[in-house]
Amino acid sequence: MSWKRVLGRVSFINCDPIFHSIGDDWRTLSAPPSWLTGHLLRRDCITAPIPAVDYANNCNELVLLRDIGIVGRESVGSVILFGNRPIESMRDIALPSDSSTSNMLMKWILAHRGLDPKLVPMGPDIETMLDECDGALIIGDRALSAALKNPELVMMDLGNEWSSITGLPMVFGVFAARIDSSTDIVNEASESMLRAYKMSLDDDDSMTEVISIASRKIGLPADRVRKYYESEVSNFLDRSSIEGLKVFLSEVCGMKHDPCWLETTQSE
């Protein structure tokens, strides 16, 4: 199958409702967020949800798809700073190797609070991270699991912190395509993903199946996964999410212009 019929996807469950019913017209390439940008630029896939920071760093080569993303609904549940002491007294924080956006957001929040702990890049293992540092930033399925397994730890949800400061949703991932890709094919990909996502949301049996598969995959109770999909993470990029994205790209990433969007006939 040509790379033009391949859709990149995050290997976490935050995209499962999109790809559960995507259909046989497409093949998926699953990878951690920090790897997907390289896959997209190398033409391993036609589109992929990449970290918002990576879009800012490659904005001259990429365009964004409208209406679809990885968005925190205030508390996102899967991007969490864990610690053995309050953030104000953390001397050092371990940052994971698998997400550039969450790391940049963590640095921005620390600066906003006037804090300057030592930041230590590390593999995303909470036990190792907290053995060596006062705080550990964990993302994705690992964060969901760690929150249930370690209720005694101090926790800060970075999505909630961003929303509290800005009043806007936090967009952790944007679906992007190479600027020289076929507009027709990318639009077809976008429409297929949005159609599949709406199917998962609108069909109770489909969503129940998505939740059951995700629950088994990461070993969490089905009711916790259902809460995640229904009240913490969304794959719709609406107007308020786009405003949040613009603020993040400008204030956190230092982008000097608005993002470039794929030409499309879809309503905004």
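Only the coordinates and a few stated rules stand behind these numbers; no lab work does. Computed from a predicted model, the values in this text were never measured in an experiment. Neighbour counts are summed over all protein chains in view; Cβ atoms, including those assigned to glycine, are modelled from backbone coordinates with ideal geometry.
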Among Gly23, Ile126, Ala214 - extreme Cα towards positive end, dipole of the chain, charges at beta-carbon
Ile126
DSSP beta bridges in the range 79-166, what fraction antiparallel, as a percent rounded to 5?
55
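Please state the equivalent ellipsoid semi-axes for the range 226-268: what are the square roots of 5 times the Cα gyration tensor eigenvalues, largest first, in whole Å? List each step's numbers first, then the result.
Details: eigenvalues 105, 59, 10 Å².
Output for the range 226-268: semi-axes of 23, 17, 7 Å.
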Count the lysine pairs in the chain whose Cα atoms lie under 24 Å apart, taking only pairs 8 or more positions apart in sequence or on different chains.
10
Between the range 54-107 and the range 185-241, what's the alpha-carbon centroid distance in Å?
20
To the nearest 10 degrees, the tilt of helix 183-202 (Cα long axis) against the first principal axis of the alpha carbons of the chain is 60
Quick one: grab the alpha carbon gyration tensor of the range 79-166, order the square roots of its eigenvalues as a ≥ b ≥ c, and give me rounded if a/c is under 1.5, else prolate or oblate depending on whether a/b is larger than b/c.
rounded
Using only Cα atoms and rounding to the nearest 10 degrees, what angle (0 to 90) does helix 204-218 make with the longest principal axis of the chain?
50
When DSSP beta bridges are limited to those with both residues in the chain, what percentage is antiparallel, rounded to the nearest 5?
65
Under unit Cβ charges (Lys, Arg +1; Asp, Glu -1), what dipole magnitude, rounded to 20 debye, does the chain have relative to its Cα centre?
400
Run a plain Debye calculation on the chain (Cα atoms as equal point scatterers, no solvent) and give log10 I(q)/I(0) at q = 0.07, 0.15, 0.16 Å⁻¹, rounded to two decimals, same order as the q list.
-0.23, -1.09, -1.24
In degrees, nearest 10, the alpha-carbon axis of helix 140-149 is tilted away from the dominant principal axis of the alpha carbons of the chain by 40
